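Undergrad: Once you've had a glance at the structure underneath, I'll fire off some questions.
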Amino acid sequence: MNYNLNLNAIDLYPEIMNIYGDRGNMLYFKYRASLYGITVNIGSCSIGEKFDTDKTDIMFIGGGQDSEQALIYKDFITNKKNALKDAKDAGKIMLSICGGYQLLLNYYKTLDNKIIEGISIFDGYTAAEPKKPRLTGNIASAFKDKIIVGFENHSGRTYLSESQQNFGKVLFGFGNNGVDKTEGAISNNFYGTYMHGSILPKNFQFCDIIIDTAVKNKYKIALNEIIKKNNINIDNNFEINARKDIRDLKKIINRTI
Ligand code: GLN
C-alpha cells in the first residue's frame with residue numbers, strides 16, 4: 001500500500017541521546033505510518049551538523065544523562081536552535097524526551113550547580129535538587145481524552161512558567177517535578193515529556209495524532225480521510241495488551257481502554 005505520501009523525520013544526536021531505547025519511537029512512527037500507506041524517511045543530525053527545516057516534517061530527540069546533555073548543548077544552541085524555532089513557528093512536529101526535553105526548556109541546573117543552557121522553546125527550567133530522590137517508575141497522565149503511559153527516570157525537576165502549557169496531568173507517578181501534577185510541555189506541535197519506554201509504541205493513539213498533524217501540514221489531508229478513502233483497518237490489540245500489562249498502571253489502563 002503506497003499513496004505517495006512521504007514524511008521526513010530527523011533524529012537529533014541519535015548515537016548520544018538514546019537512553020532506554022528512545023529511538024524506538026522513530027521506528028514505531030515509521031512502522032505505524034506505513035500501515036496508512038505513508039513512507040517515513042528517517043535522517044539524523046548530530047554534532048556539527050545542521051538540518052533543513054523546509055524539508056523536515058518531524059524532529060525527535062531522546063533522553064540522555066547529564067554528561068550527554070553537557071556534551072551536546074552548545075551544538076544544540078549553535079546549530080539547531082534557530083532551525084527548531086522556525087520549525088515550531090511553522091507548525092512542524094517535535095517529540096523530545098527527558099534529557100532532550102530539558103534542553104528545550106530555558107536551562108537545567110545539575111546537582112553540582114552547573115548550568116546547561118536550553119533553547120527556550122518551552123518556558124520553564126529544570127533543577128536537580130540536592131538530597132531529593134530520583135523520580136523513577138511507571139507513569140500515567142491525562143492528555144485530552146487519552147491516558148498516556150510511560151516510564152520515567154530523572155533527577156531533574158522541571159518547573160514550567162504559568163503561561164507554559166503542560167503535556168498532561170499526572171495520574172500516577174511524578175511527571176515534571178513530583179509536586180504540581182504536571183507532565184511535560186507543549187508549544188504549537190512541539191511536545192516535551194519525561195516518558196521513555198518508548199512513548200509512541202505504548203501510546204498508539206498519540207502516535208496517530210502526530211501522524212495526523214504531519215499529513216495535514218504537508219498534504220492538507222486528515223489521517224481519518226486517508227483511513228476512510230482506503231478502507232484501512234488496523235489491529236491495535238498488541239499495543240492495547242502491552243498497555244494492560246504495565247505494572248502499577250493496571251487499574252488506570254483498564255478503566256480507560
Ligand atoms: N539527566 C537528566 C536527569 O536525570 C535526564 C535523564 C534522562 O534522560 N533519563 O534529570
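The values are calculated or read from the model by the stated rules, or taken from the named source; none is laboratory data. Values in this document were obtained by computation on a predicted structure and should not be read as measured data. Please note: Cβ atoms are built from the backbone with ideal geometry, for glycine as well, and neighbour counts cover all protein chains shown.
Undergrad: Within the group 22, 57, which residue is under 26 Å from residue 218 (Cβ atoms) and within 14 Å of the ligand (Cβ to nearest atom)? Reasoning before the result, please.
TA: Working: 57 fails: within 14 Å of the ligand (Cβ to nearest atom).
Answer to the check: 22.
Undergrad: Restricting attention to segment 16-34, which residues are in contact with a strand residue (DSSP E or B) (Cβ under 9 Å, 6 or more places away or on another chain), part of a loop (DSSP other than H, G, I, E, B) and at pLDDT 95 or above?
TA: The answer is 17, and nothing else.
Undergrad: Turning to a different aspect of this structure: Within segment 69-101, how many residues turn out to be under 16 Å from residue 158 (Cα atoms) and free of Cβ contacts under 8 Å to residues at least 60 places away in the same chain?
TA: Residues of segment 69-101 that are under 16 Å from residue 158 (Cα atoms), as a first pass: 69, 96-101.
Then keep just the ones that are free of Cβ contacts under 8 Å to residues at least 60 places away in the same chain; that gives 69.
The total comes to 1.
Undergrad: Let me ask something additional. Would you mention how many residues in segment 65-104 are of a type in the set (Gly, Ala, Ser) and either surrounded by fewer than 24 Cβ atoms within 10 Å (Cβ to Cβ) or away from the ligand (no atom under 14 Å from the Cβ) (or both)? Spell out the reasoning first.
TA: We begin by selecting, within segment 65-104, every residue of a type in the set (Gly, Ala, Ser); these are 67, 70, 83, 87, 90-91, 96, 99-100.
Among the residues that remain, those that are also either surrounded by fewer than 24 Cβ atoms within 10 Å (Cβ to Cβ) or away from the ligand (no atom under 14 Å from the Cβ) (or both) are: 67, 70, 83, 87, 90-91.
Going through segment 65-104 one residue at a time, the tally reaches 6.
Undergrad: Identify the residue in segment 148-202 that is modelled with pLDDT under 95 and part of a loop (DSSP other than H, G, I, E, B) and, among all such residues, is nearest to the ligand (Cβ to nearest atom).
TA: 197
Undergrad: Can you list residue pairs whose Cβ atoms sit under 6 Å apart, with the first residue in segment 5-33 being in contact (Cβ under 8 Å) with a residue 12 or more places away in the chain and under 23 Å from residue 153 (Cα atoms) and the second being away from the ligand (no atom under 16 Å from the Cβ) and polar (S, T, N, Q)? Count only pairs 6 or more apart in sequence or on different chains.
TA: That search, which allows pairs on different chains as well, returns 11/44; 13/46; 14/44.
Undergrad: Can you tell me which residues in segment 114-142 are more than 14 Å from the ligand (Cβ to nearest atom), among the acidic types (Asp, Glu) and part of a loop (DSSP other than H, G, I, E, B)?
TA: Within segment 114-142, 123 is the sole residue that qualifies.
Undergrad: In addition: Give me the residue from segment 238-257 that is modelled with pLDDT of 85 or more and not charged (D, E, K, R) and, out of that set, farthest from residue 28 (Cα to Cα).
TA: Applying the filter and picking the extreme gives 252.
Undergrad: Can you confirm whether residue 223 is more than 15 Å from the chain's Cα centre (by Cα), closer than 15 Å to residue 93 by Cβ and either within 16 Å of the ligand (Cβ to nearest atom) or surrounded by fewer than 21 Cβ atoms within 10 Å (Cβ to Cβ) (or both)? Don't jump to the end; show me each part of the working.
TA: Working: more than 15 Å from the chain's Cα centre (by Cα): yes; closer than 15 Å to residue 93 by Cβ: yes; either within 16 Å of the ligand (Cβ to nearest atom) or surrounded by fewer than 21 Cβ atoms within 10 Å (Cβ to Cβ) (or both): yes.
Against the criterion (more than 15 Å from the chain's Cα centre (by Cα), closer than 15 Å to residue 93 by Cβ and either within 16 Å of the ligand (Cβ to nearest atom) or surrounded by fewer than 21 Cβ atoms within 10 Å (Cβ to Cβ) (or both)), residue 223 qualifies.
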